Each structure stands twice: as structure tokens, then as C-alpha cells.
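Below is one structure; the comments refer to it alone.
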Amino acid sequence: MFYTIGRLLYEYSDVFSYCRLFNYITFRSIAAALSAVIFVFLCSRPFIMFLHRKNIRDQARDIGLPEVTDKKGTPTMGGVLIIGGVIFSLFLWANWKSPFVWCTVAATLWYGLLGFADDIRKIMRRSGDKGLSERAKLVFQSVFAVIFGYYITGSSSPLKLHSLEFYLPFVKHPVAQLHPVVYICFLYLFIMFVTNSVNLTDGLDGLAITSSLFVLGVLGIFGYVMGNRIYSDYLYFPYVPGSGELTIVAAAFVGAGLGFLWYNAYPAQIFMGDTGSLAIGGAIATMSVLLKQEMLFPIAGGLFVAEALTSQIQDKIGVKLVGRRIFYRAPLHHALQYRGLAEPKVVVRLSIISGILALIALSSLKIR
């Protein structure tokens, strides 16, 4: 809204010359982050009280750790706050003509709706194990992944010439030009993996949101570089006109995430639930694809990768194939708890690792 109004006023008269600020991605990113923080701060306490009144509380799963069952009854579905903060902030500061904004918002709402349905089902059945079936989640997630894949590889793709190029971190030029069908299959697997890995990480107070902030910050910086012809040429990145809007999107997520972390830090007053974790995962996956940085995620989001791998190895290989546990507990954060580390220490240490991985990912801007 402010972006459109500011451009109109600036073009109308020199009296409104200060409105040129609205053309700068840096200014709008800062404003977007602050707007999202303020929105979440103002809405969190009333929303938490509403959840208490409606008895919308977390249904903890029994995984053999007393710390987990102690949290039963904490209000959940805090992802509504994060999504609300992001949409409110983008309404004010984003350029809504940009396909980059629409794609990311669509992913956020689509996966957020899936998480919302899963949370509601768990609450209604009073069990953390009785949400949507794995098959139902897979189908719902697949619909968006396939549609997005066809859109990205189509003639109307915002990536245009770069849509089928495959990039690796620390390598200047694309390493391959993929066939559209192959790339769509790759995108499908990538989006499914990223969204579910963020969801699996959401098990300790503040862990998933803190780790997500680092990844979103990295993607925001890449969006700024790739949307600027001078910086992209200098650093040998593909120039993607309009991708700078993803910096505003990332800033809105960071602001909303920081506001939510205020209430989600140990001991949490509210959980994001699948509503938040799937929405954030969908946004991260979509932004990574739009910026052609799919293979940067294993570095910046290395913690999410570790969480997903330990969980899948435990379930698919250990329990179902071998017939025994491979790890004492899974995913990774519960394994660390089982070894005797207190929850706050696990969260802080894993968050530090996420920050280090984010710095390594950022180094690929120059080391190429």
C-alpha cells in the first residue's frame, strides 16, 4: 500500500520528493520487519488469551521424555500470528505486482492452511498422534509443488532465462541445464523435503523459529544481490529482475518471527504448531527456488537437514526395515535431550550451529 501510494505521490509532485524512499528495497525491508514485529507484539497476548478461552491447546505426543509431556496444554497454532504479521507487513510495504511476492505468499498460505487443518484435527481428537494422515498431507503438499513446478518452468516464469539452470554453492556458473520434466521432479522432492524438515524441527521452545530466521536472513540477502544488476554481475550471480522483493518478504518473516520468539522462548507461552512450521517451510522452499539457490539450503538449513535425516532414518530404516531403533530418540533435538542436555541448552547450541551455517552460506556470495 505505502509502496504504491509513495510512487504515485513522488511522480505527482516534487513536494513529495521524500517518497522516493519507497523505491528503496533497504528502506522497505526495515519497515517491513518493524511492521511485522509490532503486529505480532500487539496481537500475541489477546490471541494467547483467546486460545486459552477456547481450550485450543497442544496435544503432546508421548516420546518417552518427561519434558515433552509437561508442555501439554500450552496454546498452539501460533503460526496464525506469524502468517498474519507477514501478510500485514507485506500489504503495507511490498510491491504486489511482483510474481515473487505472490508465489511466496501463496506457498505460505497453502502450507499454513494444511498445518491449520492438522492442528485442528489433533485438538478435536485430543491426541498429538491423530492429526491428518501422512497420505493426506502428502497429497495436499504435492498439489502446490507440482503446480509451482509447472509455473516456474513455463513461459510466464519470473525467472525466464534461468528457470532450468542448476546452480551449486561456491560455483560461478550453472553446472547443468535440466530438462523441464527433470527439474519439476527435482522441485517436487525439494519442496516436500524442506517443508517437512522445518516441521520436524519444531519440537523445542524457540528452536524452529530461531533456525528459520537465519535461513530467511540468508535468502533475503541473496534476493537483494540477485535483484541488483550491478551486484549480481560483480559477484557472478544470475540477474533476476524483481527478485529484490524477496528481501522485503524475508524481512517480514524475520520481523514476525522475532515477535513470535518473544512468546515462544523457553518456557513457551505459545507454540507455532504445524500452522507455523509448514507455512515457514513452504516459504523457505519457494524462495530458494525463486532465487535458484536450492542447493544452498543444505548449508544454510543444515540443522533442518540433520533433523529430517535422523527422523527418517529412525522411522523408515530403523523401525520399519530393521525392526529396532538406530538412535535413542529422533529427531536430533530429542536425542540430545535423551543424553541429558537441558532443553534451553539444546536450543541455544543448535541455534549457534544454525548461525554458523548461515555465515558459511553467506560466504558463497564471494567465494566462488
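No lab work stands behind these numbers, since they all come straight from the coordinates. Just so it is clear, the model here is predicted, and its values are computed rather than measured. For neighbour counting, all protein chains shown are included, and Cβ atoms are generated from backbone atoms with ideal geometry for every residue, glycine included.
The single condition among (1) in contact (Cβ under 8 Å) with a residue 40 or more places away in the chain; (2) farther than 30 Å from residue 143 by Cα; (3) not in a helix (DSSP H, G or I) that residue 292 does not meet is (2). Scanning the range 16-57 for residues that are surrounded by 13 or more Cβ atoms within 10 Å (Cβ to Cβ) and either in contact with a Gly (Cβ under 6 Å, 6 or more places away or on another chain) or among the charged types (D, E, K, R) (or both) yields 19, 20, 22, 25, 28, 33, 36, 37, 39, 40, 41, 57. Among the residues of the range 196-251, those that are among the polar types (S, T, N, Q) and part of a helix (DSSP H, G or I) comprise 196, 197, 199, 201, 210, 211, 212, 232, 247.
The residue that is surrounded by the fewest Cβ atoms within 10 Å (Cβ to Cβ), among those in the range 137-167 that are more than 21 Å from residue 281 (Cβ to Cβ) and among the polar types (S, T, N, Q), is 155.
Run down 222, 271 and say which single residue is crowded, with 24+ Cβ neighbours inside 10 Å and more than 23 Å from residue 152 (Cα to Cα). Let's see the steps before the verdict.
On the way: 222 fails: more than 23 Å from residue 152 (Cα to Cα).
Answer to the selection: 271.
May I ask you to list the residues in the range 321-368 that are basic (Lys, Arg) and in a helix (DSSP H, G or I)? Those that are basic (Lys, Arg) and in a helix (DSSP H, G or I): 345, 349. If only residues of the range 169-187 that are touching a helix residue (DSSP H, G or I) at 6+ places or on another chain (Cβ under 9 Å) and assigned to a helix (DSSP H, G or I) are counted, the one that is farthest from residue 281 (Cα to Cα) is 180.
Residue check: residue 318 meets all listed conditions (1) in a helix (DSSP H, G or I); (2) surrounded by 16 or more Cβ atoms within 10 Å (Cβ to Cβ); (3) in contact with a helix residue (DSSP H, G or I) (Cβ under 7 Å, 6 or more places away or on another chain); (4) not β-branched (Val, Ile, Thr) but one, namely (3). Could you please let me know if residue 327 is closer than 26 Å to residue 183 by Cβ and either among the hydrophobic types (A, V, I, L, M, F, W, C) or free of Cβ contacts under 8 Å to residues at least 60 places away in the same chain (or both)? Against the criterion (closer than 26 Å to residue 183 by Cβ and either among the hydrophobic types (A, V, I, L, M, F, W, C) or free of Cβ contacts under 8 Å to residues at least 60 places away in the same chain (or both)), residue 327 does not qualify.
The set of residues in the range 35-44 being without any contact (Cβ under 8 Å) to a residue 60 or more places away in the chain and within 16 Å of residue 271 (Cα to Cα) consists of 43 alone.
Take the conditions small (Gly, Ala, Ser), more than 22 Å from residue 248 (Cα to Cα) and either in contact with a helix residue (DSSP H, G or I) (Cβ under 7 Å, 6 or more places away or on another chain) or assigned to a helix (DSSP H, G or I) (or both) and apply them to residue 311. Does it pass? The answer is yes for residue 311.
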